Every structure is written in C-alpha cells, then in structure tokens.
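Report on the structure given below.
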Amino acid sequence: MSLHKLYERMLEDTLVLNEYEKIRKFETASDESRAAHDISHINRVTKNCVEIAGLLDLDSESIVELKIAALLHDTGCVQGKEEHAERSYQWAAKYFKDKELNDEPKERILQSIKHHGKGAESAISKILAVADKVDICKQRILPPGLLVHGNRQYAHIQNVTFELNDNIFIVKFCTDGKINLQELNGYYFTEKVLHSIHNLAKIFGLESRIYLDNDMWLL
C-alpha cells in the first residue's frame, strides 16, 4: 500500500479517531490539562506541516510521511502530556504492525513521533516539532491553562502563518492586541517555540525571523 493511500485510510480509521476522542474526554475532565491534544490540534499541526514542507521544497513522499506522523503524534496523550511522545511512538508502532508499510518510511515516521517533543534530528521530525509547537493559538488553550501565568497569554494568539523570502524563514503570529509580552516571554514554553523555529531554519541554511503582529518577537 502506498503512503498516500495509507494516509487517506487513516483519516477515517475509527482506531485513530476514537483515540483522539478519548483524549478529548480525558482533557476536558482534567483540571491539569493546559492545552488540547484533540483532533482539532492534529488538523492544525498537519496544516502547519504541509505549509512549512512546501516552503522548504520537500518531496511528496516526505510530505505524506509528515502528515502521517502529524496524525499520530499525540495518540499517547490519553494518559496525560508527561512522556506522551514515547507513548505515541509505541501506539503508532503497534498500529503500523499490521500495515503494509516499508520499514524505511515507517521508521522515519516513528522516530519523528518519538522525538517531536525533544531530540528531533531529521528534517521531517524538526518540521513536525515546529508545526506542533507553534500551535499556541486561543483555540487550543483549555480552561485550566487560562489560570496559569504565562500560558494564559497564548489565548490571545489568533493564528500563525509562514513565509520564505530571500532565504529568510518567516513565522508570523497574529494576536488580538491584548497580549502581555513580558509575561509571555517569561513563560518557559515560549523559548522552546522560538528556539525550534530558529533551529529548523538553521538546518536548511536559512535565516529566521519571528513576528508577533508587526513587531519582531525577541526574548
């Protein structure tokens, strides 16, 4: 089975969809979940992956590998966010066991899932890491996350876009204009987001610029 056909089938696979529904219910009931890892998040991460990969001229096979990795990268969140990348890797490995998928792309996909939180090395794993981390928009922040100093500022971010101009990888975050920049920059996860963007650009030999509305976003 080709990767493209596999991905199309996965989009309607009840095993995958039910797993994210379980995650949605778990996080909705939790008083500790700060950000959603539901199917809406997955769809935004996949969209980010496709847009970034297109700008970086990845081939079609690499892009579909990215889409599969994006689809499965948070399947381990049903037990919470801690160590979820490892659990997602294990879930995906079990899922792939009965699929007619060549070992080489399967291993690349699995490694991207395993390292999307940290330790990303390959191009597709780094793209997935960025696509995931930049999804800090208001749609993703859960009620407990609004009570956390720093994290609550992400609820003011409306969307994110990507551009590539003159060898400069540009990421633009649009806000509602009510964001507290000092609080935002002081939150530990913000540094991870910006670092992942700069790191991705670097491995492709590009400069990087990040904007928060019309201003350069610098820590």
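One table, with the values for the structure above:
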| quantity | calculated |
| --- | --- |
| Calculated FRET value between Q79 and Q139, using beta carbons and R₀ = 22 Å, to 0.05 | 0.40 |
| Contour minus Cα-Cα distance for E21 and Y211 (0.36 nm per residue) | 65.0 nm |
| Area of H116 that stays accessible when all protein chains are in place (1.4 Å probe, Å², to 10) | 0 |
| Computed label-point distance, nm, for sites E8 and N159 using a 7 Å Cα→Cβ extension | 2.8 |
| Mean separation of Cα contacts under 8 Å (6+ apart) over length of segment 114-170, as relative contact order % | 24 |
| Selected from S112, S62, S125 as most flexible by GNM, with the chain as the system and alpha-carbon contacts under 10 Å | S62 |
| Label-point gap, in nm, between D31 and D98 - each point 7 angstrom along Cα→Cβ | 4.0 |
| Spacing of the two label points (7 Å from each Cα toward its C-beta) at C174 and S60, in nm | 3.1 |
| Per residue accessible area of the chain, 1.4 Å probe, in Å² | 52 |
| Sequence-separation-based contact order of the chain, relative, with Cα cut under 8 Å and 6+ spacing, percent | 17 |
| Residue among E19, E65, E104 with the largest mean-square fluctuation in a Gaussian network model of the chain, springs linking Cα atoms under 10 Å | E104 |
| Heavy-atom accessible surface of segment 93-135: percent carbon and sulfur, 1.4 Å | 44 |
| Solvent-free Debye scattering, log10 I(q)/I(0), computed from the Cα coordinates of the chain at q = 0.14 Å⁻¹ | -0.85 |
| Longest site-free stretch - the chain; sites: trypsin sites (Lys or Arg not before Pro), DSSP loop, at most 10 other Cβ within 10 Å | 1-96 |
| Ellipticity estimate at 222 nm from DSSP helix runs (n ≥ 4, -39,500 (n - 2.57)) divided over the chain, nearest 500 | -16000 deg cm²/dmol |
| Centre separation in Å (Cα based) which lies between segment 92-129 and segment 180-209 | 23 |
| Protein accessible area in segment 151-207, 1.4 Å probe - carbon and sulfur % | 46 |
| D_trans [Stokes-Einstein, Kirkwood Rh over alpha-carbon pairs] for segment 72-156, 25 °C, 0.890 mPa s, µm² s⁻¹ | 175 |
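The values are calculated or read from the model by the stated rules, or taken from the named source; none is laboratory data. As the structure is a prediction and not an experimental result, all values here were calculated from the model. FYI the Cβ positions are ideal-geometry reconstructions off the backbone, even for glycines, and counts take in every protein chain you see. Surface areas here come from the heavy atoms of the whole protein model, side chains and all, with no ligands, DNA or RNA. Shrake-Rupley method; radii C 1.70, N 1.55, O 1.52, S 1.80 Å.
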